[in-house]
Ligand SMILES: Nc1ncnc2c1ncn2[C@@H]1O[C@H](COP(=O)(O)OP(=O)(O)OP(=O)(O)O)[C@@H](O)[C@H]1O
Ligand SMILES: Nc1ncnc2c1ncn2[C@@H]1O[C@H](COP(=O)(O)OP(=O)(O)OP(=O)(O)O)[C@@H](O)[C@H]1O
Ligand code: SF4
Ligand code: SF4
Ligand SMILES: [Mg+2]
Ligand SMILES: [Mg+2]
């Protein structure tokens, strides 16, 4: 299966991306060498604790660092075009919103209060669409197409932000990220502030976008449970680095409920989305053995600290300590100061990112050496 | 229930708190609109028990908490603490408010907003002692501060005492907020979304800590949240609220494993869970739309416009009262046997 789809080009290729914030105390290495790619119609979840660099990664992909941040290295190729080093004008006119857009963290609470939704959307259009394309009727049609898609009644276009509920505002912000028809959208904590029912409704809409429009998206949240709903693959970040990247089925596999054999993981019954496409070239041999679940100690801890509704626990696990100072991060593994498995090697040398089983990348000495994790 | 003698100092009833048919209306637009934020709720909280109050945004959880805290005056109904009617005319004075605040404390969602940014942590914790004239000398108060900081695991104490709130992480601020509510040794705590602004791992740590302290100090606890998953871990009983009413109440096992009310079922159905095999599944949600406005409560069963099981009767007949299915597990759905 994967052989036939390998000819499709990724929508996004990120290599060794670095974004640092140059503060008076020193450079905050908030994003420090992260690589991944994304195929058309694929959903990537980005998770990690507060401050691990999720939002920084999102804005870096738009080449839109917030001051005093700067991309200090790496490459971002969107639809075959390198955007690192591109001029601000070109980014605005040819990349942002038309190729890649973002639903910013907390955006639903930052909508300009004096504008109607229609006016807000028209302004977004003017800012990002090619100069010649202004046609009021066409824009109106496009706005309606996407607000309807998000399950909103037509009259919201005439409403002011304060007249809408939180759930409706969040749908509006997503519609605004969609209506210039990018191939890729980044959503930063789009449902964190909403309650469960509204959250579930919006997650369903997001999954429909992927299914019906073949949209790719990156879904950022600190909540692994939400990722289980929306992501094909999951990248776990810690202190500006990738700790682990794997198929959702791999990350959520447990000894009691192992993941399905990977060769078929995309086509299980009831999966509403198209077959996930193979991410990078070079995964020739489809694995037949079962995945062992999350391999990085940080991912394992994050999962253990997620309360489960349908499973009663008397204690929740948590990760003692806090993430390191990103101005002077630990020299070896950045998780070492909090890792129960840390050994001297961990404190001295940074673990490389290694593909431990097909399509499952981990940066951890233990995961690499542990015979239980060895791939045959 | 008959109130015992209010003068029986030290004699504690097994019921720490009781709400009886409590209502709160807000009159807005110069009285033209009446918002029924809390519309007749009754429940009791046993001593040493944790009750979860769950439901969608706008269902009246915070208003209930504020009523219990006496930050709002009920429109009708009563609140009994230790059997004593605190809403009675006689209890309506500055002094009784003052005494009440010592016994009933609230933890807010945003610990940052609830702390004076110019205060050091030392001042934040000393303030309630000074207000309530607890601790004769500075040394005595410092000792109490150290003890409570030890309880919330903010040690070594000296490292934090002189910091300002902004110099703490979100989790540390919530621990200080918790310490501040504990320092007066209250009997009842109302915690309104105490961990929803905190990220996952820290959230687990804070909940774990609150539970340990609650058991040690035998606190009675109301835990307000829209996150039914943390309620499962944290509470003994759960009350599900919808549009100002309790629609189901029972032990957490009863409510989560054997829900009777369609709204409770919907809440449970909406929860995401990281379980292999469920990944990426599109879930059919039984309920559509959003919670209606509390200014315009639907007729009959107030859930009927969104209920997948609603019949004509549900819209037209009188609203069902809570009914017991055994052992205190109660719900307010007339069709519970059929669904
Ligand atoms: N404009 C800025 N100037 C300086 N430092 C910043 C800036 N923005 C972010 N940082 C720092 O960079 C690191 C990563 O921040 P980022 O906002 O990307 O984290 P996050 O994973 O999105 O966290 P959260 O879950 O809290 O949103 C943090 O240490 C943060 O303090
Ligand atoms: N001071 C007030 N004046 C007018 N209406 C109010 C006031 N306080 C609350 N309300 C209304 O009362 C209802 C219940 O609000 P409340 O804050 O208690 O809900 P909640 O369950 O705590 O919601 P959330 O989960 O969003 O915190 C809402 O419709 C709200 O708009
Ligand atoms: S490399 Fe070492 S310290 Fe880092 S996560 Fe693995 S075992 Fe822990
Ligand atoms: S009484 Fe009727 S409308 Fe109300 S919850 Fe039950 S079935 Fe639904
Ligand atoms: Mg962020
Ligand atoms: Mg509230």
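The values are calculated or read from the model by the stated rules, or taken from the named source; none is laboratory data. Because the structure is predicted, anything quoted here is derived from the model rather than measured. Neighbour counts are summed over all protein chains in view; Cβ atoms, including those assigned to glycine, are modelled from backbone coordinates with ideal geometry.
Filter segment A:295-311 down to residues that are more than 11 Å from every other protein chain (Cβ to nearest Cβ) and without any contact (Cβ under 8 Å) to a residue 24 or more places away in the chain, then give me how many there are.
Total satisfying the criteria: 1.
For segment B:192-202, which positions are within 11 Å of chain A (Cβ to nearest Cβ), more than 16 Å from ligand 5 (Cβ to nearest atom) and either surrounded by fewer than 24 Cβ atoms within 10 Å (Cβ to Cβ) or under 14 Å from residue A:322 (Cβ atoms) (or both)?
From segment B:192-202, those within 11 Å of chain A (Cβ to nearest Cβ) are B:193, B:195-202; that's our starting set.
Right, trim to more than 16 Å from ligand 5 (Cβ to nearest atom) and you get B:193, B:195.
B:193, the sole residue that qualifies.
Which number in (1) closer than 19 Å to residue B:270 by Cβ; (2) in contact with a strand residue (DSSP E or B) (Cβ under 8 Å, 6 or more places away or on another chain) marks the one condition that residue B:242 misses?
Every listed condition holds for residue B:242 apart from (2).
Looking at residue A:320, is it closer than 25 Å to residue A:29 by Cβ, without any contact (Cβ under 8 Å) to a residue 40 or more places away in the chain, in contact with a helix residue (DSSP H, G or I) (Cβ under 8 Å, 6 or more places away or on another chain) and within 14 Å of chain B (Cβ to nearest Cβ)? Even if it seems obvious, please write down each step before you answer.
On the way: closer than 25 Å to residue A:29 by Cβ: yes; without any contact (Cβ under 8 Å) to a residue 40 or more places away in the chain: yes; in contact with a helix residue (DSSP H, G or I) (Cβ under 8 Å, 6 or more places away or on another chain): yes; within 14 Å of chain B (Cβ to nearest Cβ): yes.
The answer is yes for residue A:320.
Within segment A:296-346, restricting attention to residues that are touching a strand residue (DSSP E or B) at 6+ places or on another chain (Cβ under 6 Å) and under 30 Å from residue A:196 (Cβ atoms), which residue is surrounded by the fewest Cβ atoms within 10 Å (Cβ to Cβ)?
The residue in question is A:299.
Got a number for residues in segment B:172-191 being surrounded by fewer than 23 Cβ atoms within 10 Å (Cβ to Cβ) and within 14 Å of chain A (Cβ to nearest Cβ)?
The number of residues fulfilling the criteria is 2.
Pick from segment A:72-128 the residues that are surrounded by fewer than 13 Cβ atoms within 10 Å (Cβ to Cβ) and touching a helix residue (DSSP H, G or I) at 6+ places or on another chain (Cβ under 8 Å): which of them is farthest from residue A:27 (Cα to Cα)?
Looking at residues that are surrounded by fewer than 13 Cβ atoms within 10 Å (Cβ to Cβ) and touching a helix residue (DSSP H, G or I) at 6+ places or on another chain (Cβ under 8 Å), I get A:113.
(1) without any contact (Cβ under 8 Å) to a residue 12 or more places away in the chain; (2) buried (at least 21 other Cβ atoms within 10 Å of the Cβ): which one isn't true of residue B:208, the others all being true?
Every listed condition holds for residue B:208 apart from (2).
What about residue A:41, is it crowded, with 21+ Cβ neighbours inside 10 Å, at pLDDT below 95 and within 16 Å of ligand 3 (Cβ to nearest atom)? First the steps, then the outcome.
Details: crowded, with 21+ Cβ neighbours inside 10 Å: yes; at pLDDT below 95: yes; within 16 Å of ligand 3 (Cβ to nearest atom): no.
Considered against the rule, which asks whether it is crowded, with 21+ Cβ neighbours inside 10 Å, at pLDDT below 95 and within 16 Å of ligand 3 (Cβ to nearest atom), residue A:41 comes out as no.
Quick check on residue B:201: is it at pLDDT below 85 and under 18 Å from the mean Cα position of the chain (by Cα)?
Numbers: at pLDDT below 85: yes; under 18 Å from the mean Cα position of the chain (by Cα): no.
In short, no.
Name the pairs: first residue in segment A:105-117 and over 20 Å from residue A:140 (Cβ atoms) and free of Cβ contacts under 8 Å to residues at least 40 places away in the same chain, second residue in a loop (DSSP other than H, G, I, E, B) and within 16 Å of ligand 5 (Cβ to nearest atom), Cβ to Cβ under 8 Å, at least 6 apart or on different chains?
What qualifies is A:110/A:104.
Go through segment B:87-103 and count every residue that is touching a residue at least 24 places away in the same chain (Cβ under 8 Å) and exposed (fewer than 14 other Cβ atoms within 10 Å of the Cβ).
Adding up the residues that qualify gives 2.
Can you tell me how many residues in segment B:324-338 are in contact (Cβ under 8 Å) with a residue 12 or more places away in the chain and farther than 17 Å from residue B:236 by Cβ?
Here is the first cut: in segment B:324-338, the residues in contact (Cβ under 8 Å) with a residue 12 or more places away in the chain are B:325, B:327-336, B:338.
Of the ones still in play, those that are also farther than 17 Å from residue B:236 by Cβ are B:325, B:331-336, B:338.
Qualifying residue count for the region: 8.
Just the residues that are farther than 22 Å from residue B:333 by Cα and in a helix (DSSP H, G or I), please, taken from segment B:216-267. Spell out the reasoning first.
Let us first name the residues in segment B:216-267 that are farther than 22 Å from residue B:333 by Cα, namely B:216-225, B:227, B:229-236.
Hits for segment B:216-267 are B:216, B:217, B:229, B:230, B:231, B:232, B:233, B:234.
For the subset of segment B:205-249 comprising residues that are more than 14 Å from the chain's Cα centre (by Cα) and on the phi > 0 side of the Ramachandran plot, which member is nearest to the other protein chains (Cβ to nearest Cβ)?
B:243
Mind listing whichever residues of segment B:299-337 are more than 9 Å from ligand 4 (Cβ to nearest atom) and either within 14 Å of another protein chain (Cβ to nearest Cβ) or in a loop (DSSP other than H, G, I, E, B) (or both)? Let's see the steps before the verdict.
Within segment B:299-337, the first condition is being more than 9 Å from ligand 4 (Cβ to nearest atom), and the residues that meet it are B:299, B:312, B:316, B:318, B:321-330, B:337.
Residues satisfying the conditions are B:299, B:318, B:321, B:322, B:325, B:326, B:327, B:328, B:329, B:337.
So residue B:190 ticks every box in (1) modelled with pLDDT of 90 or more; (2) over 30 Å from residue B:44 (Cα atoms) but one. Which box is left unticked?
(2)
Please determine whether any residue of segment A:209-223 is over 23 Å from residue A:11 (Cα atoms) and within 11 Å of another protein chain (Cβ to nearest Cβ). Even if it seems obvious, please write down each step before you answer.
Residues of segment A:209-223 that are over 23 Å from residue A:11 (Cα atoms), as a first pass: A:222-223.
Remaining after also requiring within 11 Å of another protein chain (Cβ to nearest Cβ): A:222-223.
Yes - at least one qualifying residue is present in segment A:209-223.
Looking at A:53, A:45, A:74, A:80, can you tell me which residue is over 28 Å from residue A:303 (Cβ atoms) and in contact with a strand residue (DSSP E or B) (Cβ under 6 Å, 6 or more places away or on another chain)?
Details: A:53 fails: over 28 Å from residue A:303 (Cβ atoms); A:45 fails: over 28 Å from residue A:303 (Cβ atoms); A:80 fails: in contact with a strand residue (DSSP E or B) (Cβ under 6 Å, 6 or more places away or on another chain).
Of A:53, A:45, A:74, A:80, the one residue that is over 28 Å from residue A:303 (Cβ atoms) and in contact with a strand residue (DSSP E or B) (Cβ under 6 Å, 6 or more places away or on another chain) is A:74.
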